[in-house]
Amino acid sequence: MSQSLTKNYIHIVFSTKYRQKLIFPPVEEELHNYLGGICNNLKCQVIKVGGYSDHIHILCVLSKQIALMKLVQVVKSNSSKWIKTKGDEYKNFRWQDGYGAFSVNPAQVEIVANYIANQKQHHGIKTFEDEHRAFLKKYKIEYDERYVWD
């Protein structure tokens, strides 16, 4: 085969350091757009960015030109620097060290995008920690609770 053809839908999830509730209007929508812009600039077509006050969800198509680890590193690093320019309340802003990333079946992309779009309603019922544990269970990812959170 002379071409490398890929289409990997990835759902990326990460929180603020210590799950501090720092993502609110007016910076929330601008942050989501900024995160999407970073993904698009890295040729990772963004489908949906959303989240809640303490975490972010990104649904994108992972480019064959970048490793997932590098994508997350650039997204977190650039957005952390950017948000610190938005006021004194963000001068100590940091993302958690780790992240979750889950492959998405093409038939489920719209379902995941809708899930991300409805984060505010969803988190009226469930915490980020419970949500993340559910993802880990669904995708059968073994983990040690002591090392998941920071």
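Structural remarks
- Members of segment 63-98 found to be within 13 Å of Val27 (Cβ to Cβ), surrounded by 16 or more Cβ atoms within 10 Å (Cβ to Cβ) and among the β-branched types (Val, Ile, Thr), listed by number: Ile83
- Some residue of segment 78-87 being within 23 Å of Val148 (Cα to Cα), without any contact (Cβ under 8 Å) to a residue 12 or more places away in the chain and more than 13 Å from the chain's Cα centre (by Cα): no
- Taken as a whole, segment 80-102 holds no residue that is in a helix (DSSP H, G or I) and under 30 Å from Ser4 (Cα atoms).
- Qualifying residue in segment 140-149 (condition: touching a residue at least 60 places away in the same chain (Cβ under 8 Å) and over 13 Å from the mean Cα position of the chain (by Cα)): yes
- Matching residues, segment 103-125, being surrounded by 12 or more Cβ atoms within 10 Å (Cβ to Cβ) and part of a loop (DSSP other than H, G, I, E, B): His123
- Taking the numbered list (1) buried (at least 19 other Cβ atoms within 10 Å of the Cβ); (2) touching a helix residue (DSSP H, G or I) at 6+ places or on another chain (Cβ under 9 Å); (3) modelled with pLDDT of 95 or more; (4) within 19 Å of Arg19 (Cβ to Cβ) in turn, Phe128 passes all entries but (3).
- Of the candidates Lys17, Lys70, the single residue that is at pLDDT 95 or above, more than 19 Å from Glu131 (Cβ to Cβ) and among the basic types (Lys, Arg) is Lys70.
- Taken over segment 1-26, the criterion of being without any contact (Cβ under 8 Å) to a residue 40 or more places away in the chain and buried (at least 16 other Cβ atoms within 10 Å of the Cβ) is satisfied by Ile23 alone.
- Leading residue by the ranking (surrounded by the fewest Cβ atoms within 10 Å (Cβ to Cβ)) among those in segment 27-40 that are in contact with a helix residue (DSSP H, G or I) (Cβ under 9 Å, 6 or more places away or on another chain) and not hydroxyl-bearing (Ser, Thr, Tyr): Glu30
- Scanning segment 117-127 for residues that are under 15 Å from Asp54 (Cβ atoms) and touching a Lys or Arg at 6+ places or on another chain (Cβ under 8 Å) turns up nothing.
- Cβ-Cβ under 7 Å pairs, at least 6 apart or on other chains, segment 34-59 side of a type in the set (Asp, Glu) and modelled with pLDDT of 95 or more, far side surrounded by fewer than 19 Cβ atoms within 10 Å (Cβ to Cβ) and assigned to a helix (DSSP H, G or I): Asp54/Arg19
- Selection status of Phe93, within 13 Å of the chain's Cα centre (by Cα), among the hydrophobic types (A, V, I, L, M, F, W, C) and more than 16 Å from Gln45 (Cα to Cα): no
The values are calculated or read from the model by the stated rules, or taken from the named source; none is laboratory data. Quick caveat, the model's predicted, so the values are computed rather than measured. Neighbour counts run over all protein chains shown; Cβ positions are idealised from the backbone, glycine included.
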